[in-house]
Amino acid sequence: IQFKFPEDFWWGSSASATQTEGAADLDGKGKNIWDHWFEIEANRFFDGVGPQDTSQFYYKYKEDIQLMKEIGHNSFRLSISWSRLFPEGKGEMNEKAVEFYNNVIDALIAAEIEPFVNLYHFDMPLALQETGGWNNRETVDAYEKYAETCFSLFGDRVKKWFTHNEPIVPVEGGYLYDFHYPNEVNFRKAVQVAYHTILSSAKAIKIYKSMKLDGKIGIILNLTPSYPRSQHPADLKASVLCDAFFNRSFLDPSVKGTFPTELVDILKEEGYLPVIEDGDLAIINENTVDLLGVNYYQPRRVKAKDNLPNPDSPFMPDRYFDNYIMPGRKMNVYRGWEIYEKGVYDILINLKENYGNIECFISENGMGVEGEERFRNEDGMIEDDYRIDFISEHLKWVHKALLEGSNVKGYHLWTFMDNWSWSNAYKNRYGFVSVNLDKDNERTVKKSGYWFKDVAANNGF
Ligand code: BGP
């Protein structure tokens, strides 16, 4: 074994409620923004496949947890569907949801798989979106209540909690670049939504700490290391600002309890500071995370802008920099994302050097591929050698960071089984396990799943 990991390394995968559960309108679940968006605009989603059609974890979780065990998982991240627990986002709680999540958590623990539970993975209850979603401060209050309920229902058994997954994505998708509902372009709202999300996270952490449950609480961020095109001061500046907008905006408040001055200066200067109430900043400052999940898919290549932005165009972060595709780089052609394995090492070393070596783990990393059926062999197994290659190349860099003192505790693939995606429905497949939507969601373990089993068993490869 060339790359040996520590004995208690967390091996597993991650998933989210809306993407895996199915049963979107069953047993009292309320609608969330994805159920709604699919209803009004199904053609936005690939092949008209929606969240109700996805992998049916709601019915098949027992079988799935056995498969997780079989392929070496000692941990698994799921999310709770807010609108399953609180159909209207607040008010009355749905007992059927309590029963379902109790069953899932207990089944995981019985299989010796530690449940990592995330509270918010892009799935705003529709009733709350109708009153403004994260732009409305009352949503923060509703979220606090939801978080507290989850901690008291499940906190006796769940020891790793996360307040949000990739909180910047609903900001970008919903309020800047049109890929999440409510698909607006409104920088002022984007800033307020981001701010309220950060506040909600700190408030949930505060509640968790006050409950004296013995566990850890963190946040999961998608970090996209920014690499300048050249050492020219204009490119360097562009890269610093890109990093401030897309990484440090959430990383700094989550880990340090402060906001990057570069960003605050711009917001102040341009008149876009959010509405902040007395006492908020102290709450954010005092309630930082114990644990950080790092989702890593791609870097950002950054250069200074070639042309000054048109002063009449809507205010956007990319007024300060341009992203570009670096010629000759390895790409995931199905997703249009650059594959740059060293990025994961750069993130971990940055956390070590500039963020107090916070305890962290790779909470998502993975490769979506279209048309994987063509790789199915005569025995019925998908031979996804490209995925094995993708994972091992990233793990080598994680290993190097470990040797250099990084506090990285585990690796979770996105995702356990093929599931529904926000951007391409069921087109790109990411799982260790394939799902056949046409054959009662039949599961078959891919070659990468069996490979991972050995990696987990040997703590290395
Ligand atoms: C992350 C999300 C996941 C997942 C993944 C793959 O941003 O946290 O929910 O979807 O990306 O991306 P996609 O499904 O868009 O290809």
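The values are calculated or read from the model by the stated rules, or taken from the named source; none is laboratory data. For clarity, every value in this text was computed on a predicted model and none was experimentally measured. Backbone-built Cβ (ideal geometry, glycine too); neighbour counts: all protein chains shown.
Of the residues Tyr272, Tyr227, which single one is under 30 Å from Phe390 (Cα atoms) and either surrounded by fewer than 22 Cβ atoms within 10 Å (Cβ to Cβ) or of a type in the set (Gly, Ala, Ser) (or both)?
Matching residue, one of Tyr272, Tyr227: Tyr227.
Which one of Asp389, Asp312, Asp306 is closer than 24 Å to Arg443 by Cβ, more than 16 Å from the ligand (Cβ to nearest atom) and free of Cβ contacts under 8 Å to residues at least 24 places away in the same chain?
It is Asp389.
Can you pull out every residue in the stretch 353-411 that is of a type in the set (D, E, K, R) and part of a helix (DSSP H, G or I)?
Glu353, Glu372, Glu373, Arg374, Asp385, Arg387, Asp389, Glu393, Lys396, Lys400
Would you mind telling me which numbered condition in (1) polar (S, T, N, Q); (2) in contact (Cβ under 8 Å) with a residue 24 or more places away in the chain; (3) more than 30 Å from Gly356 (Cα to Cα) Asn407 fails?
(3)
Val369 is checked against (1) more than 23 Å from Gly460 (Cα to Cα); (2) more than 16 Å from the ligand (Cβ to nearest atom); (3) among the β-branched types (Val, Ile, Thr) and fails just one. What number does that condition carry?
(2)
Look at Ile349 and say whether it is modelled with pLDDT of 95 or more, assigned to a helix (DSSP H, G or I) and away from the ligand (no atom under 16 Å from the Cβ).
Yes, satisfied.
Could you grab me the full set of residues in the stretch 66-88 that are under 25 Å from Ser152 (Cβ atoms) and within 21 Å of the chain's Cα centre (by Cα)?
Within the stretch 66-88, Ser75, Phe76, Arg77, Leu78, Ser79, Ile80, Ser81, Trp82, Ser83, Arg84, Leu85 qualify.
Is one or more of the residues making up the stretch 46-61 buried (at least 22 other Cβ atoms within 10 Å of the Cβ), touching a residue at least 24 places away in the same chain (Cβ under 8 Å) and among the aromatic types (Phe, Trp, Tyr)?
Yes; the residues of the stretch 46-61 include at least one that is buried (at least 22 other Cβ atoms within 10 Å of the Cβ), touching a residue at least 24 places away in the same chain (Cβ under 8 Å) and among the aromatic types (Phe, Trp, Tyr).
Within the stretch 418-431, work out how many residues are surrounded by 23 or more Cβ atoms within 10 Å (Cβ to Cβ) and either on the phi > 0 side of the Ramachandran plot or in contact with a Lys or Arg (Cβ under 6 Å, 6 or more places away or on another chain) (or both).
Result for the stretch 418-431: 1.
For the stretch 1-98, please list each of the helices (runs of 4 or more DSSP H) lying entirely inside it that holds at least 3 residues being polar (S, T, N, Q).
17-20
Mind listing whichever residues of the stretch 400-432 are within 16 Å of the ligand (Cβ to nearest atom) and either farther than 23 Å from Arg374 by Cα or hydrophobic (A, V, I, L, M, F, W, C) (or both)?
Passing the criteria: Tyr411, His412, Leu413, Trp414, Phe416, Met417, Trp420, Trp422, Ala425, Phe432.
Whether any residue in the stretch 158-177 is modelled with pLDDT of 95 or more, closer than 21 Å to Leu126 by Cβ and among the charged types (D, E, K, R) is what I want to check.
Yes; the residues of the stretch 158-177 include at least one that is modelled with pLDDT of 95 or more, closer than 21 Å to Leu126 by Cβ and among the charged types (D, E, K, R).
Just a yes or no: is a residue in the stretch 182-200 charged (D, E, K, R), within 19 Å of the chain's Cα centre (by Cα), crowded, with 16+ Cβ neighbours inside 10 Å and closer than 23 Å to Ile283 by Cβ?
no
Among the numbered conditions (1) of a type outside the set (S, T, N, Q); (2) more than 16 Å from the ligand (Cβ to nearest atom); (3) without any contact (Cβ under 8 Å) to a residue 24 or more places away in the chain, tell me where Glu341 comes up short.
Condition not satisfied by Glu341: (3).
What residue, of Ser363, Ser423, is modelled with pLDDT under 95 and either touching a helix residue (DSSP H, G or I) at 6+ places or on another chain (Cβ under 6 Å) or under 27 Å from Gly173 (Cβ atoms) (or both)?
Among Ser363, Ser423, only Ser423 is modelled with pLDDT under 95 and either touching a helix residue (DSSP H, G or I) at 6+ places or on another chain (Cβ under 6 Å) or under 27 Å from Gly173 (Cβ atoms) (or both).
Counting only residues that are touching a residue at least 40 places away in the same chain (Cβ under 8 Å) and over 15 Å from Lys160 (Cβ atoms), which one in the stretch 212-223 is nearest to the ligand (Cβ to nearest atom)?
Taking the candidates together, the pick is Asn222.
Conditions (1) of a type outside the set (D, E, K, R); (2) over 21 Å from the mean Cα position of the chain (by Cα); (3) loosely packed, with under 15 Cβ neighbours inside 10 Å; (4) under 25 Å from Asn186 (Cβ atoms), marked per residue:
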residue: Ala234; (1), (2), (3), (4): yes, yes, yes, no
residue: Lys256; (1), (2), (3), (4): no, no, no, no
residue: Leu267; (1), (2), (3), (4): yes, yes, no, yes
residue: Ala282; (1), (2), (3), (4): yes, yes, yes, no
residue: Asn287; (1), (2), (3), (4): yes, no, no, no
residue: Leu308; (1), (2), (3), (4): yes, yes, yes, yes
residue: Asn332; (1), (2), (3), (4): yes, no, no, no
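In the stretch 99-123, how many residues are in a helix (DSSP H, G or I) and of a type in the set (A, V, I, L, M, F, W, C)?
Summing the residues that are in a helix (DSSP H, G or I) and of a type in the set (A, V, I, L, M, F, W, C) in the stretch 99-123 gives 7.
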